[in-house]
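Trainee: Before anything else, here's the structure in question.
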Amino acid sequence: MQESPFVIPATKQAASSRIQQLKKAIEYHRHRYHVADAPEISDEAYDALMEELRLIEEKFPVLRTSDSPTGRVGGEPLEAFKKVTHAVKQWSFDNVFSHEELVAWSERVKRFAAEDKKLSHEPIEYCTELKIDGLKIILTYKKGVFVGGATRGNGIVGEDITHNLKTIKSIPLSLPQKIDLIVVGEAWMNKGELERINHEREKNSEPVFANTRNAAAGSLRQLDSRVTASRRLDAFVYDIDMVAGAPVPETQEEELKFLKELGFKVNSHYAVNKDLAGIERFYQTWVEKKDREPYGIDGVVLKVNSCKIQASLGHTGKAPRWGVAYKFPAEQVTTVLEDIVLQVGRTGVLTPVAHLRPVRVAGSVVSRATLHNEDEIERLDVRIGDTVILQKAGDVIPDIVGVVKEMRTGKEKKFVFPQYVEDCGGPIERIPGQAAYRCVNKNSFAQKRRKFYHFVSKHAFDMEGCGPKVVDALLYAGLITNYDDIFTLTRGDLLTLPRFAEKSVDNLLESVNTARRVELPRFLVALSIEHLGEETAYDIATHFGDIKRIEGASREELTQIDGVGEIVADSVYRWFRTPEHKSLLKRLLKQVTIVAVKRTNAVTPFSGKTVVLTGTLATIGRDEAKEIIRRMGGSVASSVSKDTDYVVAGEKPGSKYDKALTLGVTILTEDEFLKITS
């Protein structure tokens with residue numbers, strides 16, 4: 001069951017206060033979006049504000065007033081365009097966000113349908129279509145000729161954008177039949193086209209578009225149609241409002257087929273379902289696949305397939321009863337930033353972490369998000385107590401991307417970096433030339449703990465069962481001080497610790513013993529050498545092949561390795577010449593066996609190639625995939641660029657997939673990758 005992502009106030013007074021905040025913010029952003037055509041937040045963030053208001057009003061119905069934005073449909077058209085009164089009112093579907101809400105909607109449909117005795121025995125089928133994230137358009141044809149097009153506007157009056165719609169090549173200017181017709185569709189922009197336009201706008205110091213939906217809307221609201229034409233918009237058509245001169249389709253499915261026959265571009269991804277199980281399968285399929293299409297998709301639209309039953313069901317005050325939008329888990333939501341806490345990393349770098357009021361985003365509950373550094377806090381102008389916009393997309397870590405400043409009460413507090421670290425009392429300093437601060441006390445407990453977390457992690461010694469809680473217990477008990485202490489732990493040591501049962505102790509010791517045999521790149525990564533990442537560690541390890549040769553390498557020898565710059569070379573050189581580290585290395589070598597790793601000399605499909613991984617790989621882990629690529633002579637990068645040769649895309653690929661499409665980079669599915677590497 002999908003829970004509500006919002007924390008609803010417990011008292012009427014608190015609810016009233018929150019409602020006023022929400023109303024103020026919603027009205028401001030409604031005007032920015034529908035009237036000024038200059039939106040400041042995404043559709044999802046706006047929807048989140050509306051949904052929170054709806055839920056509070058649902059709990060406290062006495063607080064709902066006649067001017068509540070939850071009773072409004074759409075907004076006012078721009079004065080700069082000619083106003084058009086729609087021949088048929090343009091409705092907006094209600095949203096559902098969970099399977100339970102879908103079931104409730106379906107039950108209402110059946111109940112209302114049963115009241116019509118002529119139709120009560122007809123089975124109810126549903127036509128399930130993708131909800132394209134673009135701008136709704138209404139197209140009018142007279143005797144088969146395109147005579148006008150408009151935006152939805154407030155549902156009754158829209159804007160005449162005929163001159164701009166004529167620039168969209170997928171919209172036919174004439175039909176094969178001389179009929180009168182009004183159709184509804186969605187204008188959208190290709191993700192690759194958005195990137196091209198934003199690149200040009202950046203070069204011209206113009207504000208970039210936040211997403212394809214905003215770009216499509218902005219492009220269609222141009223007074224100069226040449227600007228619209230230059231942006232290569234596209235359009236899907238999905239509904240018939242009126243037809244004269246041809247048989248009227250009896251089902252939504254027949255409508256889609258008829259529209260295709262007339263030459264309209266119809267999205268082929270739709271299905272007719274007899275039950276909710278089929279709808280749910282369709283929905284879940286597209287939750288997984290949505291990022292792979294060149295257009296934005298933010299849910300699926302369900303319509304009763306029979307046009308007779310649709311007519312019988314009718315509408316509520318603001319939405320059709322016969323259809324609903326089943327929205328995908330939100331990738332942008334609003335929540336309250338309750339605190340900002342500094343987290344000390346293994347190299348001493350301080351990262352401000354936002355402590356959030358728990359909220360559900362992209363299917364999971366989030367209560368923490370990184371704020372990166374002081375510059376990012378200042379750029380966002382984010383304060384403790386703010387209502388913030390949280391975003392999660394694909395495999396990207398949740399991130400705060402904006403602040404709803406209209407909801408400020410004056411009680412919010414600016415965050416100031418302290419002069420000392422709370423954990424150890426050590427002073428902090430800003431790293432020259434960087435946005436980050438660092439704890440000067442290299443022996444602080446916080447740094448030591450982070451280094452141990454990293455040492456046992458899957459990227460280093462990969463000690464299964466030795467997670468942060470176990471490391472903390474060992475540190476607090478004084479059983480480990482240096483890395484090599486982990487390998488000297490005994491059964492008796494561990495059994496003295498609280499909540500360490502015999503089975504878990506035996507498993508931990510077995511994991512430690514297994515980790516004694518470690519590959520050279522992992523060993524280097526485990527040492528927490530500043531600036532040394534996995535790829536560079538692999539390059540150094542395969543170049544020298546032996547820890548002793550790396551220990552004795554000069555700066556010049558290190559910089560001769562492709563991919564190793566002066567900063568990394570200097571950091572590695574200095575680490576191995578620090579007396580403390582030399583002593584640690586000597587002790588570690590008594591406990592572990594280091595295995596050399598060699599790149600293959602044979603020519604493989606990945607020889608000399610740069611590969612990027614995105615999404616979840618179902619058959620093999622991401623670390624295993626990286627190892628395979630490296631062994632076959634390739635290198636793994638973290639981001640897509642013009643130098644990328646391949647992108648391997650698993651389930652739920654992120655923005656890297658979109659960029660690969662834009663740059664024309666070869667994309668491999670997981671199955672294709674496995675065939676190449678087998």
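The values are calculated or read from the model by the stated rules, or taken from the named source; none is laboratory data. Remember, it's a predicted structure, so these values are computed and weren't measured experimentally. Because the Cβ atoms are built from the backbone with ideal geometry, glycine has one as well, and the counts that use them run over all protein chains shown.
Trainee: Report every pair of residues separated by at least 6 positions or lying on different chains whose Cβ atoms are under 7 Å apart, first residue within the range 206-218 and outside any loop (DSSP other than H, G, I, E, B), second of a type in the set (Val, Ile, Thr) and surrounded by 19 or more Cβ atoms within 10 Å (Cβ to Cβ).
Mentor: Ala215/Ile197
Trainee: Let me ask something else about it. If you check Asp506 against the conditions, is it surrounded by fewer than 16 Cβ atoms within 10 Å (Cβ to Cβ), among the charged types (D, E, K, R) and modelled with pLDDT under 95?
Mentor: yes
Trainee: Now for a separate question. Restrict the check to the range 453-462 and report whether at least one residue is under 30 Å from Lys652 (Cα atoms) and of a type in the set (Val, Ile, Thr).
Mentor: Yes, that holds for at least one residue.
Trainee: Moving to a separate point now. Evaluate the following for Ser571: is it in a helix (DSSP H, G or I), polar (S, T, N, Q) and not assigned by TED's automatic domain parsing to the domain that holds Glu195?
Mentor: yes
Trainee: Taking the criterion of being touching a Cys at 6+ places or on another chain (Cβ under 9 Å), assigned by TED's automatic domain parsing to the domain that holds Ile377 and either without any contact (Cβ under 8 Å) to a residue 12 or more places away in the chain or in a helix (DSSP H, G or I) (or both), would at least one residue in the range 424-442 satisfy it?
Mentor: Yes, the range 424-442 contains at least one residue that is touching a Cys at 6+ places or on another chain (Cβ under 9 Å), assigned by TED's automatic domain parsing to the domain that holds Ile377 and either without any contact (Cβ under 8 Å) to a residue 12 or more places away in the chain or in a helix (DSSP H, G or I) (or both).
Trainee: Can you list residue pairs whose Cβ atoms sit under 8 Å apart, with the first residue in the range 23-37 being aliphatic (A, V, I, L, M) and the second being at pLDDT 85 or above and not in a helix (DSSP H, G or I)? Count only pairs 6 or more apart in sequence or on different chains.
Mentor: Matching pairs, first to second residue: Ala25/Thr387; Ala25/Val404.
Trainee: Of all residues in the range 129-151, which are under 35 Å from the mean Cα position of the chain (by Cα) and free of Cβ contacts under 8 Å to residues at least 24 places away in the same chain?
Mentor: Once the filter is applied, which keeps residues that are under 35 Å from the mean Cα position of the chain (by Cα) and free of Cβ contacts under 8 Å to residues at least 24 places away in the same chain, the range 129-151 yields only Gly149.
Trainee: Then there's this: Output yes when any residue across the range 304-327 is surrounded by 17 or more Cβ atoms within 10 Å (Cβ to Cβ), outside any strand (DSSP E or B) and among the basic types (Lys, Arg), and no when none is.
Mentor: Within the range 304-327, one or more residues are surrounded by 17 or more Cβ atoms within 10 Å (Cβ to Cβ), outside any strand (DSSP E or B) and among the basic types (Lys, Arg).
Trainee: Continuing with the same structure: Could you check the range 338-365 and list, in sequence order, the residues that are more than 17 Å from Val403 (Cα to Cα) and surrounded by 16 or more Cβ atoms within 10 Å (Cβ to Cβ)?
Mentor: Correct list: Leu342, Val344, Gly345, Arg346, Thr347, Gly348, Val349, Leu350, Arg360, Ala362.
Trainee: I would also like to ask the following. Could you list all residues from the range 252-288 that are part of a helix (DSSP H, G or I), farther than 20 Å from Ala187 by Cα and among the acidic types (Asp, Glu)?
Mentor: The answer is Glu253, Glu254, Glu280, Glu288.
Trainee: Continuing with this model, one more query. Among the helices (runs of 4 or more DSSP H) confined wholly to the range 459-550, which include 2 or more residues that are more than 22 Å from Phe445 (Cα to Cα)?
Mentor: Helices (runs of 4 or more DSSP H) meeting the threshold: 491-495, 502-514, 520-526, 534-544.
Trainee: Now for a different question. Name every residue in the range 603-617 that is within 23 Å of the chain's Cα centre (by Cα) and within 20 Å of Gly563 (Cα to Cα), in order of residue number.
Mentor: Hits for the range 603-617 are Val611, Val612, Leu613.
Trainee: Residues of the range 574-587 being under 41 Å from the mean Cα position of the chain (by Cα), closer than 20 Å to Tyr538 by Cβ and assigned to a helix (DSSP H, G or I), which ones?
Mentor: Across the range 574-587, the qualifying residue is only Trp575.
Here's the yes/no breakdown for (1) crowded, with 16+ Cβ neighbours inside 10 Å; (2) among the charged types (D, E, K, R); (3) at pLDDT below 95; (4) touching a His at 6+ places or on another chain (Cβ under 9 Å):
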site: Val157; (1), (2), (3), (4): yes, no, yes, yes
site: Ile171; (1), (2), (3), (4): yes, no, yes, no
site: Ile179; (1), (2), (3), (4): no, no, no, no
site: Arg196; (1), (2), (3), (4): no, yes, yes, no
site: Asn204; (1), (2), (3), (4): no, no, yes, no
site: Asn214; (1), (2), (3), (4): yes, no, yes, no
site: Ala229; (1), (2), (3), (4): yes, no, yes, no
site: Glu253; (1), (2), (3), (4): yes, yes, no, no
site: Leu259; (1), (2), (3), (4): yes, no, no, no
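Trainee: So Asn154 ticks every box in (1) farther than 24 Å from Ser42 by Cβ; (2) touching a residue at least 12 places away in the same chain (Cβ under 8 Å); (3) not in a helix (DSSP H, G or I) but one. Which box is left unticked?
Mentor: (1)
Trainee: How many residues does the range 87-105 contain that are under 15 Å from Thr316 (Cα atoms), in contact with a helix residue (DSSP H, G or I) (Cβ under 8 Å, 6 or more places away or on another chain) and surrounded by 16 or more Cβ atoms within 10 Å (Cβ to Cβ)?
Mentor: The number of residues fulfilling the criteria is 1.
Trainee: Across the range 101-123, what is the total count of residues that are under 25 Å from Val300 (Cα atoms) and in contact (Cβ under 8 Å) with a residue 40 or more places away in the chain?
Mentor: Of the residues in the range 101-123, 10 are under 25 Å from Val300 (Cα atoms) and in contact (Cβ under 8 Å) with a residue 40 or more places away in the chain.
Trainee: For the range 402-435, enumerate the residues that are aliphatic (A, V, I, L, M) and buried (at least 18 other Cβ atoms within 10 Å of the Cβ).
Mentor: Val403, Val404, Met407, Val421, Ile428
Trainee: Applying the selection to the range 618-633, what residues are within 26 Å of the chain's Cα centre (by Cα) and surrounded by fewer than 19 Cβ atoms within 10 Å (Cβ to Cβ)?
Mentor: Ala618, Thr619, Ile620, Gly621, Arg622, Asp623, Glu624, listed by residue number.
Trainee: So, one more: When the range 531-569 is examined, which residues are found to be surrounded by fewer than 17 Cβ atoms within 10 Å (Cβ to Cβ), within 21 Å of Gly345 (Cα to Cα) and in contact with a helix residue (DSSP H, G or I) (Cβ under 7 Å, 6 or more places away or on another chain)?
Mentor: His531
Trainee: How many residues does the range 157-176 hold that are part of a loop (DSSP other than H, G, I, E, B), touching a residue at least 60 places away in the same chain (Cβ under 8 Å) and among the hydrophobic types (A, V, I, L, M, F, W, C)?
Mentor: So the answer is 4.
Trainee: Kindly indicate the residue of the range 112-142 that is of a type in the set (S, T, N, Q) and surrounded by fewer than 22 Cβ atoms within 10 Å (Cβ to Cβ) and also modelled with the highest pLDDT among those meeting that condition.
Mentor: Restricting to residues being of a type in the set (S, T, N, Q) and surrounded by fewer than 22 Cβ atoms within 10 Å (Cβ to Cβ), the top hit is Thr140.
Trainee: Could you tell me whether any residue of the range 653-666 is among the aliphatic types (A, V, I, L, M), buried (at least 17 other Cβ atoms within 10 Å of the Cβ) and not in a loop (DSSP other than H, G, I, E, B)?
Mentor: Yes, because at least one residue in the range 653-666 is among the aliphatic types (A, V, I, L, M), buried (at least 17 other Cβ atoms within 10 Å of the Cβ) and not in a loop (DSSP other than H, G, I, E, B).
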